[in-house]
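S.K.: Before I ask anything, let me first share the structure, which is written out below as structure tokens.
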There are 2 protein chains.
Amino acid sequence: MTRFRVAVQIIPRRGLLDPQGKTVRDALVTLGFGSVSDVHVGRHMVVETDAKDAPAAEASVRAMCERLLANPVTEDFTIAGVVAA
Amino acid sequence: MTRFRVAVQIIPRRGLLDPQGKTVRDALVTLGFGSVSDVHVGRHMVVETDAKDAPAAEASVRAMCERLLANPVTEDFTIAGVVAA
């Protein structure tokens, strides 16, 4: 078993309301960053897990996303990277 | 001016308490993912902004992180990617 560090990005689905992103966009414009047209806010998670190889680690984190980490109705997730820790 | 989509990852500094990550780790273990040793939870943001080129877009988002998006005391940020939108 090797320890892997798997990065996951979870973002609100395109087309759904993203009130947090809108609030950040408005705050940036107020601060003087007038060229910002849109902001999306999601979560970035790094999971350290033991697995026999990188594909097994990725499959395991994918199952975690489906069962707990991401909301399947409103969010999409992508596995951004798998590296040995 | 071109529109760029800049991805930023903001994570709690290593060594600082990450109570949200600890809670997620415990929940994953309870769900049966016993091989998970640690979880870090941060934010993933995608900023759409107009700039003359990619380095200018990156510099602009770096300034936004320093002024608003990241807490300089407790968080580190990395610009994960700059693509034309």
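S.K.: Go through the residues of segment B:45-56 one by one and say whether even a single one is more than 7 Å from chain A (Cβ to nearest Cβ) and crowded, with 16+ Cβ neighbours inside 10 Å.
M.R.: Residues of segment B:45-56 more than 7 Å from chain A (Cβ to nearest Cβ): B:52-56.
Checking the rest, the ones that are also crowded, with 16+ Cβ neighbours inside 10 Å come to B:56.
The answer is yes; a qualifying residue exists.
S.K.: Can you name every residue in segment B:22-63 that is of a type in the set (V, I, T) and either on the phi > 0 side of the Ramachandran plot or touching a Phe, Trp or Tyr at 6+ places or on another chain (Cβ under 7 Å) (or both)? Talk me through it step by step, then tell me what you get.
M.R.: Taking segment B:22-63 and keeping what is of a type in the set (V, I, T), we get B:23-24, B:29-30, B:36, B:39, B:41, B:46-47, B:49, B:61.
If the condition is that a residue be of a type in the set (V, I, T) and either on the phi > 0 side of the Ramachandran plot or touching a Phe, Trp or Tyr at 6+ places or on another chain (Cβ under 7 Å) (or both), then B:T49 is the only one that fits.
S.K.: What residue, among those in segment B:60-79 that are more than 8 Å from chain A (Cβ to nearest Cβ) and part of a helix (DSSP H, G or I), is farthest from B:M1 (Cα to Cα)?
M.R.: First, the residues of segment B:60-79 that are more than 8 Å from chain A (Cβ to nearest Cβ): B:61-62, B:65-66, B:70-79.
Now narrow it down to the ones that are part of a helix (DSSP H, G or I): B:61-62, B:65-66.
Numbers: B:V61: 15, B:R62: 18, B:C65: 21, B:E66: 23 Å.
This residue is B:E66.
S.K.: Does segment B:39-59 hold any residues that are free of Cβ contacts under 8 Å to residues at least 24 places away in the same chain, more than 22 Å from A:D76 (Cα to Cα) and either of a type in the set (S, T, N, Q) or part of a strand (DSSP E or B) (or both), and which are they?
M.R.: Passing the criteria: none in range.
S.K.: Same structure again: Name the pairs: first residue in segment A:4-21 and on the phi < 0 side of the Ramachandran plot and within 9 Å of chain B (Cβ to nearest Cβ), second residue in a loop (DSSP other than H, G, I, E, B) and surrounded by 20 or more Cβ atoms within 10 Å (Cβ to Cβ), Cβ to Cβ under 7 Å, at least 6 apart or on different chains?
M.R.: Listed pairs, sorted by first residue: A:I10/A:A70.
Computed from the coordinates by the stated procedures, all read-outs in this text should not be read as laboratory data. Remember, it's a predicted structure, so these values are computed and weren't measured experimentally. We place every Cβ from the backbone using ideal geometry, glycine too, and count neighbours over all the protein chains shown.
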